[in-house]
Each structure stands twice: as C-alpha cells, then as structure tokens.
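Heads up: the structure comes next, in structure tokens.
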Amino acid sequence: MTHHEKHHTHDDASGATPGASAAHLVAEVEQQQARLQLTRFDNDDAFRLGILLVEMARERRLPVTVDVRRHGHVLFHVSLPGTTPDNDTWVERKSRVVDRFGAPSFLVGLRSRLKGRTFEEDSGLAVQEYAAHGGSFPLTVRDVGPVGTVTVSGLPQAEDHALVVEALEAFLDGRA
C-alpha cells in the first residue's frame, strides 16, 4: 500500500473553532522551533540524527522516508519498507518550504490555514514544487540560523511533524 501524505485537519476535541485550534498549534510549533536549536551541525551530526529517526521508525514499524540536509546537500536519506518514490517527492517539496520560509513546513501550512487560505493561495507557489505539510523542520544553529532540514514523509502530516520533533528533542538531550 502506498503511504501518501495525509491532509488531516488539526481541530482539537474540545469543540474549539478551527481558527482557535490552528492558533494554538501555530503557537506550539513556534515554541518548538525556538526551543529546538543546535550548537553546531556537521555531517556526523546528520548521520546520528538520521540513524536516530530510522531506529525510532523501525521500532514502531513506520513506513517513512527520512532525509537530513545541510544547505540543500543530502547528508542522509533512507526509505523504510512501505515507502515509495512518491515519499521522495514529498521530502523535496516539504524541505523546499523550510528552506524558503525558515520555518517548519507544518507551521507554514498552519499559518495559511489561520488566515483562512490554502498555502498555495497564500504563497502563490506551485503545488508541484512546494508542500506546506508537516514533516520538515529547520536545523537551526543557535546564533547562526537555519543551516539545513530534517524531513520525514509517510505518515499523516501531524505525525510526520511529531516524529521529527521527538527525534530532535532526543538528539539534543543526548548531546547535553
């Protein structure tokens, strides 16, 4: 079975309006981006982060593609069982959003939704080239800025995003 990116809504179960739910998620993802910053990032770090994500996905039997880049240079890329070439396309499209906007792909899409628009309407960018769906996160070096991306594709977008955040948290905890 092909696992395409799922486009789920993110309204919470409390009965909040979609706008309130999106606003809460925007604040949460902004906080994640501010918190999940590195002190450095090299090829060995990319390998360790990629392996960490692959191990997490294998343990949970998740059909995902994992990709880690520095300035567009692919340093790590693995497609686990259950993925297809379509996942590689999603990785490309989501990482382009992070590179262009300097923010998690999930956050970029949520910000458009909060305005009552689609990302395509909001940005004017081609859907074939850019996907503001969860799963790509900027690799930000403190006092430097974004230097790369870490991307997961294969699960519903909120789950792709959550897996990347969990891995970055574990990666940062291991370095302390």
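In a residue-by-residue description of segment 107-124, the property of being under 17 Å from GLN32 (Cα atoms), in contact with a strand residue (DSSP E or B) (Cβ under 7 Å, 6 or more places away or on another chain) and of a type in the set (A, V, I, L, M) applies to no position.
Scanning for something open to solvent by 20 Å² or more (accessible area, probe 1.4 Å), assigned to a loop (DSSP other than H, G, I, E, B) and either more than 26 Å from ASN43 (Cα to Cα) or among the basic types (Lys, Arg) (or both), does segment 85-99 turn up at least one residue?
Within segment 85-99, the subset open to solvent by 20 Å² or more (accessible area, probe 1.4 Å) is 85-86, 88-90, 92-93, 96, 99.
Those still in the list that are assigned to a loop (DSSP other than H, G, I, E, B) too: none.
No - not one qualifying residue is present in segment 85-99.
The values are calculated or read from the model by the stated rules, or taken from the named source; none is laboratory data. This structure is a prediction, so every number in the text was calculated from the model and none was measured. Because the Cβ atoms are built from the backbone with ideal geometry, glycine has one as well, and the counts that use them run over all protein chains shown. Heavy atoms of the whole protein, side chains included, go into the accessibility calculation; ligands, DNA and RNA do not. Shrake-Rupley method; radii C 1.70, N 1.55, O 1.52, S 1.80 Å.
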